[in-house]
1. Output yes when any residue across the stretch C:125-132 is open to solvent by 30 Å² or more (accessible area, probe 1.4 Å) and of a type in the set (Phe, Trp, Tyr), and no when none is.
2. From B:176, B:180, B:129, grab the single residue that is facing another protein chain (nearest Cβ under 8 Å), more than 16 Å from ligand 3 (Cβ to nearest atom) and over 30 Å from residue B:60 (Cβ atoms).
3. So residue C:42 fits all but one of (1) away from chain B (no Cβ under 14 Å); (2) away from ligand 3 (no atom under 16 Å from the Cβ); (3) open to solvent by less than 40 Å² (accessible area, probe 1.4 Å); what number is the exception?
4. When you go through (1) modelled with pLDDT under 85; (2) exposed (fewer than 13 other Cβ atoms within 10 Å of the Cβ) one by one for residue A:19, which number turns out not to apply?
5. For a quick check of your reading: which helices (runs of 4 or more DSSP H) sit entirely within the stretch A:36-140 and have at least 1 residues that are basic (Lys, Arg) and touching a helix residue (DSSP H, G or I) at 6+ places or on another chain (Cβ under 6 Å)?
6. Of C:93, C:89, C:71, C:85, which residue is at the interface with chain B (Cβ under 10 Å from one of its Cβ atoms) and more than 15 Å from ligand 1 (Cβ to nearest atom)?
7. For the structure I just gave you, tell me whether residue B:197 is buried (at least 19 other Cβ atoms within 10 Å of the Cβ), part of a helix (DSSP H, G or I) and at pLDDT below 85.
8. I need a count of the residues in the stretch A:22-40 that are open to solvent by less than 60 Å² (accessible area, probe 1.4 Å) and over 16 Å from residue A:175 (Cα atoms).
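The values are calculated or read from the model by the stated rules, or taken from the named source; none is laboratory data. Because the structure is predicted, anything quoted here is derived from the model rather than measured. Cβ placement follows ideal geometry from the backbone for every residue including glycine, while neighbour counts extend to all protein chains displayed. In case anyone asks, the SASA skips ligands and DNA or RNA and just uses the protein heavy atoms, side chains included. Shrake-Rupley method; radii C 1.70, N 1.55, O 1.52, S 1.80 Å.
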Amino acid sequence: MSTQPPQPPVPSRLASIAAAIDILDQLPGGNLILTKVEYLLNWGRAASLWPLTFGLACCAIEMMAAFAGRFDLDRIGVIPRATPRQADLMIVAGRCTIKMAPIVRRLWEQMPEPKYVISMGSCATCGGPFYYDNYSILKGIDQVVPVDVYVPGCPPRPEALIEGILKLQEKIKVEPFLRRTVAAQA
Amino acid sequence: MPLRTEQLMLNMGPQHPSTHGVLRLVVTLDGENIVEVQPDIGYLHSSVEKMMEYRTYLMNVALVDRGMDYIAALANEEGYLLAVERLGGIDVPARARWLRTIMLEFQRLSSHLVWLGTWGIDLGATTVFLYCFREREVILDLFEQVTGGRLHHVYFRPGGVYEDLPPGWTDRALAFCDEFPGHLQEYHDLLTGNPIFLARTQGVGVLPKDAAITMGACGPVARASGINFDVRKAFPYEAYGEVEFDIPTFEQGDCFARYLVRMEEMRQSLRIIRQAIEKLPPGEIRSKVQVTVKLPKGEVYARTESPRGDLGVYLVSSGDDMPYRVKIRAPSFSNLYALTEMMRGWKVADVIAILGSVDIVLSDVDR
Amino acid sequence: MLDLATRAWEAVTGLYLGLRVTILALVRPKNTVKYPIEKVNVSPRWHGLLALPIDPETGSDMCIICFQCERVCPDRCIHIEATGRAKDRVLTRFDIEMDKCCYCGLCVEVCPTEAIVFVPHYEASTFNRSNLLYDLDDLRRATPKEPIAHGVVRIGGR
Ligand code: SF4
Ligand code: SF4
Ligand code: SF4
């Protein structure tokens with residue numbers, strides 16, 4: 001296997017999609033179509049955010065409460081997945097130790113693009129109650145993964161978490177999703 | 001010629017939906033049988049013992065809530081404050097003692113409900129989770145009306161409690177006590193009679209009595225193995241000496257017995273709450289203690305019965321307004337040790353059932 | 001054979017009991033709160049965000065700049081600075097790092113004038129962490145119409 005000569009690069013599917021989008025963007029009226037398609041795609045993505053069930057500490061209990069009957073995150077299309085390969089949202093619920101940080105990073109890397117991160121609670125946001133005099137807690141999860149929405153609270157109420165997810169949905173809905181693939185190819 | 005098999009090392013966690021937090025289990029398998037289990041802990045080590053040395057006694061109340069067993073925050077406050085009060089000779093007014101008892105028992109209920117719900121998910125009974133959290137929300141609402149927090153309360157203070165009950169709270173609490181046995185029966189209907197549940201739990205993960213003593217198991221795990229020991233009865237603290245309750249004990253030592261112990265404990269908690277609300281004396285809720293209280297030089301060990309077992313706090317004071325050293329003897333930690341004994345020889349599919357039945361909280365293990 | 005029959009019977013009864021619970025839950029009143037549309041009534045003691053209520057008489061907050069809250073905060077997330085002396089002392093800086101705060105309520109407890117209170121407001125998620133540093137203006141703006149949490153240490157029963 002290793003003796004085979006390197007293959008010439010095959011144009012990836014992403015590149016061909018990007019080229020098609022680029023052409024469509026140039027056509028008269030294509031811009032409008034593109035925006036509409038983008039809107040539809042974004043609506044679909046925002047309405048079915050699948051988070052990774054990934055609890056670190058106390059905030060995870062409130063996250064569980066948000067998935068349970070009273071607050072019922074399934075209502076807004078947030079259905080927990082057990083594996084990062086199927087998830088597109090990571091809710092970092094709780095304090096992250098330095099020992100745990102590489103694992104969080106690897107889980108994030110295993111998630112397919114586009115992916116989002118919600119930092120839930122004071123600890124995930126900046127270390128919170130464990131900021132000072134502490135040698136083991138990471139001072140904010142944004143040191144290892146990029147965070148989209150910060151939810152303050154210790155722990156945040158389940159409603160606060162839902163509000164954070166709604167906020168993330170707003171962000172997703174206005175994302176230039178298709179045009180970004182063009183930009184990624186350029 | 002005998003078939004030669006190789007032992008397989010399986011790595012479970014730290015991110016695993018069923019390991020109840022961030023526990024890593026290194027399981028050595030022979031075929032499907034477990035040869036050995038080694039828990040790898042420390043993924044949630046929050047160095048709370050060290051942090052407590054830099055905070056005053058009052059501030060630490062906020063810290064022990066979070067740094068220790070977070071599902072039962074009030075039980076941590078109780079363990080810590082018992083040590084502070086014993087060392088400082090601070091006396092707690094009678095009403096505060098009874099209020100603490102009520103709150104601690106509600107905390108036990110909510111903690112056991114979290115355990116039952118998550119264990120149900122582990123065993124494939126997702127419905128139980130929804131029912132358990134439905135009842136837990138009622139308890140959390142009751143908590144919120146008194147303490148202002150859902151999970152972390154910071155309600156107990158050195159020498160009493162922060163605030164008195166709001167008007168009408170006892171009626172709501174009693175109404176909950178009246179309807180909760182019906183819900184308990186629902187859980188029994190859902191699980192106890194279910195043949196799948198029985199097949200997965202009955203006779204699985206047996207911890208014999210002598211092994212339980214050797215491994216230092218405590219709390220419901222020990223009681224399921226036939227050790228009739230409860231700190232609330234053996235060394236009564238707060239108002240536990242003045243209420244009547246039984247300690248459920250089972251001899252089998254399997255997952256099912258541990259389940260039954262906790263189910264029965266919930267019933268006993270209701271009994272304690274009812275008696276405590278009835279006997280709740282009027283009067284002060286807090287004795288005068290300075291914000292920066294200084295404890296005399298010395299050391300003390302206080303043990304309490306948290307929902308997970310025997311919680312001990314060893315406190316050394318150097319006469320300052322901060323502790324010199326705090327050592328927490330966490331119940332989950334010793335139960336996790338007993339887990340290695342329980343799992344040996346079982347099938348790999350039983351790992352989750354056994355792990356869930358022990359009810360460990362990783363924050364309590366690692367601190 | 002008999003054994004098999006008993007086991008089958010147990011399975012049927014177990015299934016019946018379990019399904020009865022779920023079917024009965026169907027006709028029970030729902031307990032789901034459709035959050036963005038309807039909201040749970042949080043208790044008046046709920047530890048939400050912190051605020052400095054405005055005194056209607058003076059038009060300013062009630063802080064007497066005693067630094068008690070700054071000293072008691074276990075997370076050291078309150079930062080107070082003041083200029084002037086005696087009566088003319090004015091706050092120049094009152095920052096609370098809401099991302100570091102653990103909502104424990106110790107600052108509310110020790111404040112002698114109930115100048116710092118909890119508001120039953122918890123929706124503060126942001127895209128940017130620096131928005132969670134609440135300065136004096138933010139804290140005053142967060143104020144409800146009337147104080148809802150009790151700050152003064154009350155000793156003695158109701
Ligand atoms: S923010 Fe508070 S509740 Fe959440 S993990 Fe940290 S200490 Fe626990
Ligand atoms: S609530 Fe607690 S952590 Fe937050 S500012 Fe007040 S004292 Fe500090
Ligand atoms: S304790 Fe109250 S009065 Fe004193 S500085 Fe803080 S907010 Fe102001």
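1. Yes, the stretch C:125-132 has at least one match.
2. Working: B:176 fails: facing another protein chain (nearest Cβ under 8 Å); B:180 fails: facing another protein chain (nearest Cβ under 8 Å).
B:129 is the lone residue from the list that is facing another protein chain (nearest Cβ under 8 Å), more than 16 Å from ligand 3 (Cβ to nearest atom) and over 30 Å from residue B:60 (Cβ atoms).
3. Only one criterion is unmet by residue C:42, namely (1).
4. All conditions pass for residue A:19, except number (2).
5. Output list is empty.
6. Unique residue meeting the criteria: C:71.
7. Yes: the conditions hold for residue B:197.
8. So the answer is 4.
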